[in-house]
Amino acid sequence: MSALLNRLAPLYAAFIYAFIYLPVGVLVLFSFQGGRFPILPFNGPSLKWYREVLADEDLVEAMINSLFVAVGSSAVAVILGFLAAYGLARYLLPARGLQRALLTAPLTVSYLVIGLGLLMLFNQLGVPRSLLTIGIGHVVLNAPLCFAILYSQMGDHQANAERAARDLGAGEWQLLCLVSVPMLAPSILASYLLSMTFSWDEFIVAFLLSRFDVTLPVEIFSMLRSGLNPKTNAAGSLVFLLTLGAVILAELFIFRRATRRGRA
Amino acid sequence: MTARIGIESVSHRFGTFAALEHIDLSIEAGRFAVLLGPSGCGKTTLLSILGGFLVPSEGRVTLDGVDVTRQQPAKRATTTMFQDYALFPHMTLADNIGFGPRMRGADRMERHRRADEMLTLVGLEGMQSRKPHELSGGQRQRVALARALAVEPDVLLLDEPLGALDLNLRRQMQDELKAIQRRVGTTFVHVTHDQEEAMAIADEIVVMNAGKVEHAGSPESIYLAPKTLFAAGFMGEANTVFATVVGRDADTLQIDSPLGALSLPMSAATGGAVSAGQRVGLCFRPEHVSVNVSLPANSLPLRTRLADHAFFGTHHRARLVCDDTLEFIAHLPQEATPVSGETINVGILRSAIVVLPVPA
């Protein structure tokens with residue numbers, strides 16, 4: 001019986017992985033399609049749709065917009081998240097537990113709700129929708145994530161090193177620049193890359209808060225309205241490639257830190 | 001550099017818990033002092049107050065007579081060597097050690113020169129460019145010491161720094177700490193709960209219990225003439241027999257005890273004068289019980305039964321019972337061949353007995 005289960009286990013695992021990765025695999029596969037439709041039979045491989053994507057000015061502009069929003073909003077999100085985590089971990093603040101909960105709670109709120117809320121707020125304030133509003137939206141989404149990651153890394157080990165630095169004569173800025181931030185650098189970089197990937201392929205908030213300048217997911221969505229074609233596959237594959245790269249980098253930093261901790 | 005430490009009626013409360021009560025203490029410049037006591041006795045709190053990490057609820061801390069009670073750790077002429085070393089993991093050893101000088105405006109050359117000098121002092125020459133995670137526990141310990149000494153503090157505070165090391169390494173580090181302290185001449189204040197460690201390194205030991213100083217003095221004075229029953233029991237092994245003072249005159253105490261009626265010199269009351277009618281503890285060390293065939297003069301003879309025993313290398317540690325009510329520990333000579341249940345005639349060295357008041 002257990003021998004049978006042992007033999008079935010890899011099969012089960014293969015099934016699960018297929019379930020998760022088949023859609024992405026199909027998308028990437030048909031981005032190399034030779035014909036006009038992303039359906040069987042596959043008659044590639046061909047790079048012509050990638051050429052089309054890169055020749056499409058709107059798409060390329062959307063890609064640059066996306067990169068711009070991702071880089072900028074993630075930087076702001078990491079700085080805000082770090083400062084919140086540092087303040088909460090190092091100083092005795094009133095209603096500490098509640099403040100922590102309030103800072104992480106947005107992680108559980110639907111993007112649609114956050115997007116709609118921001119849309120109404122910007123309308124009330126008369127702020128025109130633009131890349132800036134999308135960026136603000138992405139800061140709202142990602143700052144809680146950065147906070148949660150960085151707060152979890154500010155343990156006793158870090159607190160003791162900071163205490164030692166103060167004892168040796170470090171002022172607040174020296175402490176921050178020479179000890180706190182460098183010690184957390186892997187986590188800071190990891191949370192930056194993670195929030196970049198979330199911003200890079202975020203659709204709902206970007207859709208609600210954009211007008212003339214759009215980000216890549218919004219542009220792809222409008223392409224889809226004219227029907228499926230391998231060009232959207234190629235654009236989607238590029239999105240996926242960049243996300244994957246960032247996630248792998250983030251993993252590397254977190255992983256490197258974990259092994260160093262293990263030895264320390 | 002070095003400084004005299006003054007602690008003047010320092011009290012500290014955490015909420016309603018009194019962690020320290022009216023501590024008065026003075027540690028001379030250049031001494032190696034050890035704060036010794038069980039966990040929760042307030043020794044670490046006192047160290048934090050000396051380092052400036054806590055401001056005491058009451059009282060003053062002075063360095064060479066200057067009040068530093070409210071001075072920040074960064075400004076104070078003390079540095080602390082922390083229990084978990086608290087090295088900066090992202091910096092090389094040279095940068096770790098150079099951190100304090102850097103905060104004081106030393107340039108790169110000066111910092112590296114200082115780091116080399118300090119690494120040599122702690123026996124890690126040539127390891128400037130290593131990172132802390134490449135070191136063993138004992139080596140990290142040395143780096144922490146080097147980093148704390150690199151700023152030439154007047155006072156170095158050591159918070160149970162040897163707790164995490166295994167026994168052999170701890171012994172070795174104790175010797176090195178003492179040697180380094182002699183060389184740099186800085187006043188060291190070291191916290192531990194290990195009385196052997198205290199004896200191994202201290203010029204002066206401060207025995208603490210429940211937020212109070214029980215006895216501060218040289219290891220010899222605390223061991224041979226303790227001021228309290230707690231100090232007697234915490235510094236090495238002590239036998240305590242409870243008794244009552246029945247009378248006193250100019251230079252002797254008459255005591256009624258389970259050991260019989262005793263007349264002891266007034267100097268046996270090392271914890272301060274005792275009065276007639278007072279409950280006292282008579283303390284004597286296991287090595288002050290002799291079992292020689294011819295008992296030395298001035299010893300108190302007793303007929304005892306050997307309850308059990310164990311061999312400790314330098315001696316046999318034996319539990320002796322007298323009249324089924326009185327029990328105490330004696331050290332029998334290495335060459336003895338004790339047998340459980342046998343009857344032994346012993347003598348307690350009368351001059352070694354101290355008379356200490358029983359706390360109310």
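The values are calculated or read from the model by the stated rules, or taken from the named source; none is laboratory data. Given the structure is predicted, the values throughout are model-derived calculations rather than measurements. For neighbour counting, all protein chains shown are included, and Cβ atoms are generated from backbone atoms with ideal geometry for every residue, glycine included.
Please find, within the range A:166-206, the residue that is farthest from the other protein chains (Cβ to nearest Cβ) out of those that are hydrophobic (A, V, I, L, M, F, W, C) and part of a loop (DSSP other than H, G, I, E, B). So that I can check it myself, show each step before the final result.
Initially, the range A:166-206 is screened for residues hydrophobic (A, V, I, L, M, F, W, C), giving A:168, A:170, A:173, A:175-179, A:181, A:183-185, A:188-190, A:193-194, A:196, A:198, A:200, A:203-206.
Remaining after also requiring part of a loop (DSSP other than H, G, I, E, B): A:168, A:170, A:203.
Details: A:Leu168: 4, A:Ala170: 5, A:Phe203: 38 Å.
Top of the filtered list is A:Phe203.
Within the group B:Asp324, B:Asp308, which residue is among the acidic types (Asp, Glu), touching a strand residue (DSSP E or B) at 6+ places or on another chain (Cβ under 9 Å), closer than 20 Å to B:Thr240 by Cβ and without any contact (Cβ under 8 Å) to a residue 12 or more places away in the chain? Full working, then the answer.
Numbers: B:Asp308 fails: without any contact (Cβ under 8 Å) to a residue 12 or more places away in the chain.
Answer to the check: B:Asp324.
Can you tell me which of (1) loosely packed, with under 14 Cβ neighbours inside 10 Å; (2) out of contact with any strand residue (DSSP E or B) (no Cβ under 7 Å at 6 or more places or on another chain) is the one B:Gly247 doesn't meet?
(2)
On the given criteria, is B:Phe99 in a loop (DSSP other than H, G, I, E, B), farther than 27 Å from B:Phe230 by Cα and not acidic (Asp, Glu)? Write out each step before concluding.
On the way: in a loop (DSSP other than H, G, I, E, B): no; farther than 27 Å from B:Phe230 by Cα: yes; not acidic (Asp, Glu): yes.
So B:Phe99 fails the test.
Return the total of residues in the range B:1-18 being closer than 24 Å to B:Arg31 by Cβ, assigned to a loop (DSSP other than H, G, I, E, B) and of a type outside the set (S, T, N, Q).
Residues flagged as closer than 24 Å to B:Arg31 by Cβ, assigned to a loop (DSSP other than H, G, I, E, B) and of a type outside the set (S, T, N, Q) within the range B:1-18 amount to 3.
Out of B:Asp159, B:Asp175, B:Asp194, B:Asp166, I need the residue that is surrounded by fewer than 18 Cβ atoms within 10 Å (Cβ to Cβ) and under 14 Å from the mean Cα position of the chain (by Cα). Which one? Give the steps one after another, and end with the answer.
Details: B:Asp159 fails: surrounded by fewer than 18 Cβ atoms within 10 Å (Cβ to Cβ); B:Asp175 fails: under 14 Å from the mean Cα position of the chain (by Cα); B:Asp166 fails: under 14 Å from the mean Cα position of the chain (by Cα).
Exactly one residue qualifies, and that residue is B:Asp194.
Among the residues that make up the range B:57-71, is at least one of them within 13 Å of chain A (Cβ to nearest Cβ), at positive phi and out of contact with any Phe, Trp or Tyr (no Cβ under 8 Å at 6 or more places or on another chain)?
From the range B:57-71, those within 13 Å of chain A (Cβ to nearest Cβ) are B:71; that's our starting set.
When the remaining residues are screened for being at positive phi, the result is none.
Among the residues of the range B:57-71, not one is within 13 Å of chain A (Cβ to nearest Cβ), at positive phi and out of contact with any Phe, Trp or Tyr (no Cβ under 8 Å at 6 or more places or on another chain), which makes the answer no.
Exactly one of these conditions fails for B:Ala273: (1) touching a residue at least 12 places away in the same chain (Cβ under 8 Å); (2) in contact with a helix residue (DSSP H, G or I) (Cβ under 9 Å, 6 or more places away or on another chain). Give me its number.
Status for B:Ala273: all satisfied but (1).
Scan (1) under 19 Å from B:Tyr223 (Cα atoms); (2) free of Cβ contacts under 8 Å to residues at least 24 places away in the same chain for the single condition B:Gly313 breaks and write down its number.
B:Gly313 satisfies all of (1) under 19 Å from B:Tyr223 (Cα atoms); (2) free of Cβ contacts under 8 Å to residues at least 24 places away in the same chain except (1).
Within the range A:215-229, is even one residue touching a residue at least 40 places away in the same chain (Cβ under 8 Å) and more than 30 Å from A:Leu40 (Cβ to Cβ)?
yes
Yes/no per residue for (1) of a type in the set (Ser, Thr, Tyr); (2) more than 26 Å from A:Ala170 (Cα to Cα); (3) buried (at least 16 other Cβ atoms within 10 Å of the Cβ):
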position: B:His12; (1), (2), (3): no, yes, yes
position: B:His22; (1), (2), (3): no, yes, no
position: B:Arg60; (1), (2), (3): no, no, no
position: B:Asp67; (1), (2), (3): no, no, no
position: B:Ala77; (1), (2), (3): no, no, yes
position: B:Met81; (1), (2), (3): no, no, yes
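For A:Ala264, only one of the following conditions fails: (1) at pLDDT 75 or above; (2) within 14 Å of chain B (Cβ to nearest Cβ). What is its number?
(1)
Scan B:Leu47, B:Leu87, B:Leu54 and give me the residue that is surrounded by 19 or more Cβ atoms within 10 Å (Cβ to Cβ), more than 9 Å from chain A (Cβ to nearest Cβ) and modelled with pLDDT of 90 or more. Spell out the reasoning first.
On the way: B:Leu87 fails: more than 9 Å from chain A (Cβ to nearest Cβ); B:Leu54 fails: surrounded by 19 or more Cβ atoms within 10 Å (Cβ to Cβ).
None of the other options fit; the residue is B:Leu47.
Matching residues to (1) modelled with pLDDT of 90 or more; (2) assigned to a loop (DSSP other than H, G, I, E, B); (3) touching a Phe, Trp or Tyr at 6+ places or on another chain (Cβ under 7 Å):
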residue	(1), (2), (3)
B:Val293	no, yes, no
B:Leu302	no, no, no
B:Glu335	no, yes, no
B:Leu356	yes, no, no
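Can you confirm whether the range B:276-286 contains a residue that is under 31 Å from the mean Cα position of the chain (by Cα), modelled with pLDDT of 90 or more and not in a strand (DSSP E or B)?
Yes: one or more hits.
Pairs, please: C-beta under 8 Å, at least 6 apart or cross-chain, first residue at the interface with another protein chain (Cβ under 10 Å from one of its Cβ atoms) and in the range B:90-114, second acidic (Asp, Glu)?
B:Pro101/B:Glu110
Sort out which residues of the range B:226-244 are surrounded by fewer than 21 Cβ atoms within 10 Å (Cβ to Cβ) and of a type in the set (D, E, K, R), and write them in order of number.
B:Glu237
Residue by residue, here is whether (1) among the basic types (Lys, Arg); (2) more than 14 Å from chain A (Cβ to nearest Cβ); (3) under 23 Å from B:Gly42 (Cβ atoms); (4) part of a loop (DSSP other than H, G, I, E, B) holds:
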position	(1), (2), (3), (4)
B:Asp116	no, yes, no, no
B:Glu125	no, yes, no, yes
B:Gly138	no, yes, no, no
B:Arg147	yes, no, no, no
B:Gln172	no, yes, no, no
B:Arg182	yes, yes, no, no
B:Val191	no, yes, yes, no
B:Met208	no, yes, yes, no
B:Glu214	no, yes, yes, no
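Please count how many residues of the range A:153-165 are more than 7 Å from chain B (Cβ to nearest Cβ) and of a type in the set (S, T, N, Q).
2
Could you check the range B:32-44 and list, in sequence order, the residues that are part of a loop (DSSP other than H, G, I, E, B) and surrounded by 20 or more Cβ atoms within 10 Å (Cβ to Cβ)?
Looking only at the range B:32-44, we keep the residues that are part of a loop (DSSP other than H, G, I, E, B), and these are B:37-42.
Result: B:Gly37, B:Cys41, B:Gly42.
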